[in-house]
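Peer 1: Before I ask anything, let me first share the structure, which is written out below as structure tokens.
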Amino acid sequence: MEYFTGEYYHIYNRGVEKRNIFLDGADYFRFILGAREFNCVAPVCNLYRFRDPLVLEVKNIEKKKPIVKFVCYALMPNHFHFIVQQVENGGISKFMQKLGTGYTKYFNKRYKRNGVLFQGVFKAKHISTDEYLLHLSRYIHLNPLGLLRDKWMLKGVKDKDRVYNFLIQYKWHSLPFWLEDRPNLIKLYPAIILNQFSSRLYYKDFLLKWTEESFERIKEIAIED
């Protein structure tokens, strides 16, 4: 697939045989750290220099020229999603090759395993309309609700405050930065979506105005997790 500079893409992949690729907070942190550090043309030094995975280093967040710009993301136990804009020719392919290889080496070393970690080459879909971009961002930010399927009956959930509180406390996606300016390890560019709303509260309303039926429709235009 050819990726065009200036265009937006939905990038995603899952663990081989649907296995979990993030087993604890250190794994999630290492993947997001890799997303920051590998977002450049130049070679990257060893990420093991970051000794403490619980410390969120946000200083000098972009020392190097990026090859993609991140709009939003969500990391789940066995898969991940990004919406990115390619800003350098070949940027998406270079970035994903470095991120996938780097994280697989880290994971295999930590858990004393060998072999592939991801289900083949990453998947990508071109985002051709503002409507698709808008609804896809909602789908990605709602992904963590999948973790609650054994705890709640999502169909007919009316307590939007409870839903929002869960989503905003979930560390491994971009929503806390989007709506509450919480620190994030990677630089995010949500304006392409948030500028379609008069305030962030309206995006929050858009996010929460869903039913089981509408959630399934969003899944149809994204991917089946």
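The values are calculated or read from the model by the stated rules, or taken from the named source; none is laboratory data. Computed from a prediction, not measured in an experiment: that's the story for all the values here. Neighbour counts run over all protein chains shown; Cβ positions are idealised from the backbone, glycine included.
Peer 1: When only residues in the stretch 7-23 that are surrounded by fewer than 20 Cβ atoms within 10 Å (Cβ to Cβ) and touching a strand residue (DSSP E or B) at 6+ places or on another chain (Cβ under 7 Å) count, which is farthest from Leu134 (Cα to Cα)?
Peer 2: Val16
Peer 1: Please verify whether Tyr132 is out of contact with any helix residue (DSSP H, G or I) (no Cβ under 6 Å at 6 or more places or on another chain), touching a residue at least 60 places away in the same chain (Cβ under 8 Å) and not small (Gly, Ala, Ser), treating the condition exactly as stated.
Peer 2: Yes: the conditions hold for Tyr132.
Peer 1: A further question follows. Identify all residues within the stretch 4-40 that are of a type in the set (Phe, Trp, Tyr), part of a loop (DSSP other than H, G, I, E, B) and within 19 Å of Val84 (Cβ to Cβ); write none if there are none. Talk me through it step by step, then tell me what you get.
Peer 2: Let us first name the residues in the stretch 4-40 that are of a type in the set (Phe, Trp, Tyr), namely 4, 8-9, 12, 22, 28-29, 31, 38.
Adding the requirement that they be part of a loop (DSSP other than H, G, I, E, B) leaves 4, 22, 38.
Within the stretch 4-40, Phe4, Phe38 meet the criteria.
Peer 1: Sort through Leu185, Leu145 and tell me the only one that's closer than 15 Å to Ala74 by Cα, at pLDDT below 95, among the hydrophobic types (A, V, I, L, M, F, W, C) and part of a loop (DSSP other than H, G, I, E, B).
Peer 2: Leu185
Peer 1: Quick test of your reading of the structure: Asp159 fulfils all but one of (1) buried (at least 17 other Cβ atoms within 10 Å of the Cβ); (2) at pLDDT below 90. Name the failing condition by number.
Peer 2: Of (1) buried (at least 17 other Cβ atoms within 10 Å of the Cβ); (2) at pLDDT below 90, only one is false for Asp159: (1).
Residue by residue, here is whether (1) surrounded by fewer than 19 Cβ atoms within 10 Å (Cβ to Cβ); (2) assigned to a strand (DSSP E or B) holds:
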{"position": "Pro66", "(1), (2)": "no, no"}
{"position": "Phe70", "(1), (2)": "no, yes"}
{"position": "Phe82", "(1), (2)": "no, yes"}
{"position": "Asn89", "(1), (2)": "yes, no"}
{"position": "Ser93", "(1), (2)": "yes, no"}
{"position": "Met96", "(1), (2)": "no, no"}
{"position": "Leu99", "(1), (2)": "no, no"}
{"position": "Tyr103", "(1), (2)": "no, no"}
{"position": "Asn108", "(1), (2)": "yes, no"}
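Peer 1: With Ser93, Ser128 as the choices, which residue is modelled with pLDDT under 95 and either in contact with a Gly (Cβ under 9 Å, 6 or more places away or on another chain) or under 26 Å from Asn143 (Cα atoms) (or both)?
Peer 2: So the residue among Ser93, Ser128 that is modelled with pLDDT under 95 and either in contact with a Gly (Cβ under 9 Å, 6 or more places away or on another chain) or under 26 Å from Asn143 (Cα atoms) (or both) is Ser128.
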